[in-house]
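Here's the structure we're looking at; comments come further down.
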Amino acid sequence: MHAIILAGGSGTRFWPLSREGCPKQFLDLTGCGSLIRQTADRMLHMVSRSHLWIVTAEHQQVQCLAHVPDIGLSHVLCEPIARNTAAAVGLAAIALVQAHGPNTVMIVTPADHSVANHEAFTEALTEAVKRAKHHDEIVLLGIRPTRPETGYGYIERGKCRDGHVFAVKSFREKPDLPTAKRYVEKGGYAWNAGVFVMRAGIYLEEVRRQRPRLAAGLDAMAADLNNTDIRRDVYEKLENISVDHGVLEGAKALSMIEVSCGWSDVGGWPALADITPSDHDGNTVVGRTIAHDSQGNVIYASPGSVVAVIGLRDMVVVHTPEATLVMPKDRAEDVRVLHNTMERHEK
């Protein structure tokens, strides 16, 4: 059993703390360590250090090793060009097949999520691993919803297969609010956490069946996996598609195990409220802050600074030595646009 951490994200929603050289997975948002470090610690409850892998961009290799020194250089698989998660998981799968054979079980997880209840998460993942060992299936972890959420994709639960294991009936894109409310009220829908388990050979079989062009590229790299020139040439031509759309949604056999574990994808500044306790006024604060007559805010003060607010409601205030961000919480999606504009000005 091996764990694969996908660490290629850019983290544009956390500007100004995240920059081109420091994407979200390398941020310590709460003082508990970077998100990739926390992810590695969760995976090390499941696998040994020698069975931990990271897939990342070439220019992020050094940072990954700095945050997760538990693994060696050979277990940081570098993508010369970003080609989305179907290719990233494929790169890990061919490495595992070559080193350990097609029946090797692989746990795949994003690097930049947060989990509060590690015990519940580990229990569900252990059950998923057992299922994947003995069945030709891809087993997904679904998060039991705690609220109507429009920022997550959903997995519709099908018939019970065995105990806590259910068939996957369908995938649903990020819904509007009325649809999300209906999902929660009806039940049988889970948030898609992007965490799944299968044997490496099963994944490659699905790629060959559904994505022959991607399969051809993976085969070309597998012929000489350590040849960086071949990898660079192949990656330029690989299909750019997510593992959800490219492989999982069309897989022959999918199962899901639901879990309640305090999960968050930490998708932007308002998500700090999911992973950090709020004060009696509903303010989520990190660092030295003073909030007077203010409710429902997210406030971040970088080390060595103080942020003071008066009379604010449902705002985000972020101060770093390089820049300060102030916005309504419901405009958090616009940070991507601002981030891209600022990056262009700084080059």
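Computed from the coordinates by the stated procedures, all read-outs in this text should not be read as laboratory data. Here the structure is a predicted model, which is why all the values come from computation and not from measurement. Reconstructed Cβ throughout: ideal geometry from the backbone, glycine too, with neighbour counts over all protein chains shown.
Some points to look at:
- Gain in span if fully extended, residue 252 to residue 74, counting 0.36 nm per residue against the direct Cα distance: 60.9 nm
- Those residues of segment 233-257 whose amide nitrogen sits under 15 Å from the label point placed on residue 81, 7 Å along Cα→Cβ: 233-241
- Annotation: extensible slack from residue 186 through residue 136 equals 15.0 nm (criterion: 0.36 nm per residue apart, minus Cα-Cα distance).
- Nearest-ten-degree value, helix 200-210 long axis tilted from longest Cα axis of the chain: 90
- Only the Cβ atoms of Lys and Arg (+1) and of Asp and Glu (-1) were treated as charged; on that basis the dipole of the chain about its Cα centre amounts to roughly 660 debye.
- If R0 is taken as 35 Å, the Cβ-Cβ distance between residue 232 and residue 103 corresponds to a FRET efficiency of 0.70.
- Checking the Cα-Cα distances for 133/252; 181/252; 24/169; 133/186 against a 23 Å cut-off, the pairs over it are 181/252; 24/169; 133/186.
- In degrees, nearest ten, helix 84-100 long axis to first principal axis of the chain (Cα): 50
- If R0 equals 25 Å, the separation of the Cβ atoms of residue 240 and residue 150 corresponds to a calculated FRET efficiency of about 0.50.
- Placing R0 at 35 angstrom, the Cβ-Cβ distance between residue 308 and residue 177 gives a FRET efficiency of 0.55 after rounding to 0.05.
- Between residue 341 and residue 209, the contour length at 0.36 nm per residue exceeds the alpha carbon distance by 43.5 nm.
- Couplings 3J(HN,Hα) for segment 68-81, derived from phi with the Karplus relation 6.51 cos²θ - 1.76 cosθ + 1.60 (θ = phi - 60°), are 10, x, 4, 10, x, 4, 5, 9, 9, 8, 9, 9, x, 9 Hz, where x marks Gly and Pro.
- Those residues of segment 231-262 whose amide nitrogen sits under 14 Å from the label point placed on residue 169, 7 Å along Cα→Cβ: 256
- Here the sum of -39500 (n - 2.57) over DSSP H runs of 4 or more residues, divided by the residues of the chain, equals -9500 deg cm²/dmol at 222 nm, to the nearest 500.
- Residues whose amide H comes within less than 5 Å of that of residue 299, counting only those at least five positions distant or on another chain, are 284, 285, 286, 317 (H built at 1.01 Å from N in the peptide plane).
- Global geometry of segment 163-304, whether rounded, prolate or oblate, following the gyration tensor of its Cα atoms and the 1.5 cut on a/c: oblate
- Between the amide H of residue 253 and those of 138, distances stay under 5 Å, these residues lying 5 or more places away or on another chain, with hydrogens modeled in the peptide plane.
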